[in-house]
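Structure first, commentary second.
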Amino acid sequence: MAGQGIERRELLRILGTASVAAGFAGFSKWAFACEPVHAAAKGVEQIKSATYTPQFFFADEYPVVVRLSEMIIPSDDGPGAREAGVAEFIDFMAFHDDSLQYPFRLGLSWMNAHSERLHGKKFLELTPADQTELLRHLAYKKEFRDGEEDGRDFFKLMREYTTMGFYTTRVGLESINCPNLQFYNASPACPHVDDREHKHLPPPKY
Amino acid sequence: MPKQIYDVIVIGTGAGGGMAIKTLCEAGLKVCALNAGRKLDPGKDFKNHRMPWDMKFRGYDDPKKRAQSYGYMDNEYTAGIWEHEINYTTAPGTVWMWPRCFAVGGKTNFWGRSAARMGDIDFQCASLDGFDVNWPVKYDEIAPYYSKTERLIGVASTVQGRPSNPDGEYIPPMNFRCFDWILKSGADKLGVPYLPDREAQLTQEHNGHPACHYCGNCTEGCDIGAFFSSPRYLLPAAEATKNLELRTNALAKNILVDEKGHAAGVAYIDRNTKQEVEVYGRAVVVAASTVESARIILNSKSRFWPNGIANSSGQAGRNLCDHIYGSTAYGYLPQLLGQSPFPDNVSTAEIAWLPRWQNLNNPHEEAFIRGYSIYPDGGCGEFPELRGIEGFGVDFKREVKRKYPAPVNLGIQAPSLPSPTNFVDIDPEVKDAFGIPVVRVHFRWGENELKMWEHGKQVSREIFHACGAEYEGCNEHPQIPGWSLHETGTLRMGDDPKHFVTNKFGQTHDVPNLFVTDASVFLSCTDKTTTLSILAFSMRASEYLADQMKGGKLSA
């Protein structure tokens with residue numbers, strides 16, 4: 001397979017069109033998330049918690065956005081929403097998109113109200129296990145409960161913007177080994193020349 | 001100072017205009033080209049190598065602008081390039097989206113690059129199925145121009161011997177991806193062809209243009225010119241002759257006439273100064289793209305031409321056609337779940353095609369006449385497909401990774417038939433920002449193309465089933481008219497001046513020194529894409545025009 005192309009990023013640097021994301025107001029992590037190194041290799045400790053001031057979310061809302069984004073795409077054996085600065089991205093998008101503002105605000109209020117109702121505490125004060133339990137009922141069809149429709153809508157929105165914020169960063173795309181992170185010097189060809197129907201592939205990696 | 005008179009004024013610099021400009025300049029004629037927008041700077045304007053994180057809104061565009069987007073090519077990466085200032089209207093009941101690229105080179109800067117020849121199955125369609133009329137040309141007349149065009153631009157494909165698709169002269173094709181082979185195994189079982197597309201994307205260096213580097217973002221413009229575009233492949237040759245004067249931001253308003261009612265030049269608006277300017281020529285070529293060309297013709301009213309210049313037939317604006325686009329099946333290939341990612345998206349999803357296989361033995365074999373093609377895409381994209389993935393957390397993340405190489409999609413390209421319901425005229429009430437009456441579109445999908453859509457959905461699902469793909473659905477409705485950017489008709493060519501605007505050389509029947517060289521002369525849009533044919537027909541028309549001028553037959 002043709003695969004030994006130039007790193008796209010490298011070419012960008014040569015072309016003088018390197019990342020401008022770092023120049024946008026308020027972003028502390030985008031630039032980091034997009035450096036051409038594996039964040040995981042650097043170690044999570046090196047990622048300083050943000051001095052970020054949200055533009056849209058209130059001070060008591062933003063940590064919930066951070067927590068939810070990290071629950072949706074956790075940092076496991078590789079980087080997650082935290083390293084990709086997803087919460088900052090969501091704040092940025094909500095700030096610029098009027099149509100998102102009410103649903104996010106309503107949803108975050110719902111999460112706390114719901115948490116109070118179930119456990120007598122706000123969402124962030126719950127144990128991680130209780131937080132996960134609460135979220136499971138919003139996320140998995142089999143575990144849906146009546147009366148939690150608003151919460152399910154909010155989870156859907158939160159997941160949409162979390163994935164959008166994660167898989168549009170270098171660390172996010174590296175986490176799925178996105179082939180478009182590089183160029184190819186020949187038209188890539190299916191390597192399975194003896195198995196065109198792909199019935200005898202090696203066992204799935206994931 | 002005496003007024004300058006050029007040999008030819010060409011309106012438009014896209015495929016049709018660019019080829020006319022090149023051909024005429026090389027024939028030694030002095031050409032003034034009018035282009036409605038600015039010249040692009042590939043280094044600055046083409047953002048095909050920006051990664052999502054290099055974009056302010058990660059490629060999702062400013063939320064305040066999203067609603068105004070004219071389709072998939074008009075996005076954050078191409079912001080400021082697609083036309084938004086000049087308006088148009090739609091008749092009650094018409095839904096039509098009109099993406100226009102007024103930059104120099106027009107839509108060739110961003111086109112899909114599929115470049116199949118049309119054949120006698122298209123040109124002689126009425127002899128086969130009795131609907132509408134034949135084109136005034138036979139394939140043999142056009143074939144040499146297809147060859148010259150293919151040699152010029154470079155088309156990657158194979159000789160396929162398909163009855164619906166004449167073969168051409170090709171550079172090596174792009175290779176099939178894993179999912180192509182799997183989908184092909186399903187198509188094979190049904191007897192549906194699954195072949196390398198005809199793609200004007202350079203698999204090797206060609207005429208000094210570099211080979212593709214497979215970044216996969218062609219529709220955001222190619223900074224190195226590894227696929228055909230007018231500014232890379234046509235205009236430099238014209239400029240080299242020193243016979244070209246290119247005027248940018250020159251929005252054509254109407255064609256000027258002399259005391260005999262022949263074309264004398266063009267009046268345009270200089271969009272920088274907002275002033276009207278006149279430019280004079282011994283002949284005029286209109287190639288502003290199908291709908292825009294009709295607007296210019298219809299707005300060119302004079303005492304000679306009360307219904308628009310060269311429109312004694314009343315046919316200018318009629319018979320607008322377009323391709324139905326839409327997903328006829330999407331889902332995923334279980335075979336590829338959890339496998340290593342493969343660079344599937346190195347060509348904005350155009351490597352293979354399922355060229356027309358319907359109504360080949362008998363033109364009335366199906367419930368519809370003529371035929372359609374299908375284009376597959378899928379695999380690892382620049383954003384993972386999340387459809388059908390539930391939940392959150394470590395499991396979710398793994399599932400995204402597992403499913404990443406597996407999604408597949410089949411998209412239809414089905415031609416609308418010419419219909420009296422589908423046309424453009426001039427809106428009697430609305431004017432654009434420069435006071436020019438705007439075009440009004442009347443359009444709806446007809447029964448024949450909607451039958452193709454239904455047929456395409458059924459066959460696509462069968463292909464999925466036959467290759468073991470998991471079918472997850474299809475588009476509920478086809479994309480809205482205009483989406484494909486393949487509009488044709490409005491100034492159709494034909495032998496009879498009573499029923500057609502131009503003859504087979506794109507020369508208007510009424511006005512011998514007025515030519516049309518874009519897809520507006522096409523009788524219908526066929527199952528093929530338009531650009532290659534625009535280039536071939538424009539080359540032929542322009543050679544004819546040059547010969548006529550040199551022979552002194554067009555002295556206005």
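Read-outs throughout are calculated quantities, based only on the coordinates presented, and are distinct from any laboratory measurement. Bear in mind the structure is a predicted one, so any value in this text is a computation, not a measurement. Cβ coordinates were reconstructed from backbone atoms using ideal geometry, including for glycine residues, and neighbour counts include every protein chain displayed.
Numerical summary
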| quantity | calculated |
| --- | --- |
| Residue order, fewest to most beta carbons within 10 Å, for A:Ile73, B:Ile480 | B:Ile480, A:Ile73 |
| log10 of Debye I(q)/I(0), alpha-carbon scatterers only, for the stretch B:448-556 at 0.10, 0.14, 0.15, 0.20 Å⁻¹ | -0.46, -0.70, -0.75, -1.04 |
| Per-peptide average of other Cβ atoms within 10 Å, ordering B:377-383, B:190-196 highest first | B:377-383, B:190-196 |
| Relative packing of peptides B:367-376, B:319-328, B:421-430 - highest average C-beta neighbours within 10 Å first | B:319-328, B:367-376, B:421-430 |
| Cross-link partners of A:Lys205 among aspartates and glutamates (Cα-Cα below 13 Å; sequence separation of 8 or more within a chain) | B:Glu399 |
| Mean Kyte hydropathy of -1.0 or more with a Cα span along the axis of at least 24 Å, helices from DSSP in chain B | B:447-467, B:531-550 |
| Per residue convex hull volume, Cα atoms of the protein assembly as shown, in Å³ | 171 Å³ |
| Three-way shape call for the stretch B:85-182 based on the alpha-carbon gyration tensor, with the a/c threshold at 1.5 | oblate |
| Sequence-distant aspartates and glutamates (8 or more away, or on other chains) whose Cα lies within less than 16 Å of B:Lys22 | B:Asp7, B:Glu150, B:Glu239, B:Glu245, B:Asp518, B:Glu543, B:Asp547 |
| The stretch A:131-206 - convex hull of the alpha-carbon atoms, volume per residue in Å³ | 172 Å³ |
| Difference of contour (0.36 nm per residue) and Cα-Cα distance, B:Arg38 to B:Glu429 | 137.9 nm |
| Mean separation of Cα contacts under 8 Å, 6 or more apart, over the residue count of chain B: relative contact order % | 22 percent |
| Residues B:Lys504, B:Lys242, sorted so that the one with the fewest Cβ neighbours within 10 Å comes first | B:Lys242, B:Lys504 |
| Fraction of alpha-carbon pairs over 39 Å apart in chain B - percent | 24 percent |
| Percent of beta bridges antiparallel (DSSP, the protein assembly as shown, rounded to nearest 5) | 70 percent |
| Eligible lysines near A:Lys156 by straight Cα distance, threshold 26 Å, same-chain separation 8 or greater | A:Lys29, A:Lys121, A:Lys122, A:Lys141, A:Lys142, B:Lys56, B:Lys64, B:Lys65, B:Lys397, B:Lys401, B:Lys403 |
| For the stretch B:50-94, convex hull volume per residue from C-alpha positions, Å³ | 89 Å³ |
| Taking N as its residue count, the alpha carbon Rg of the stretch B:281-400 over 2.2 N^0.38 Å | 1.81 |
| Cut-off under 5 Å, modelled amide H: who pairs with B:Lys39 long-range | B:Val104 |
| Span from the the stretch B:372-386 Cα centroid across to the the stretch B:389-466 one, whole angstrom | 14 Å |
| DSSP-defined beta bridges in chain B - what % are antiparallel, rounded to 5 | 70 percent |
| Equivalent ellipsoid, the stretch B:79-141 (semi-axes from 5 times Cα gyration tensor eigenvalues, Å) | 33, 20, 9 |
| Shielding by partners - mean other protein chain Cβ count within 10 Å, residues of B:213-220 | 4 |
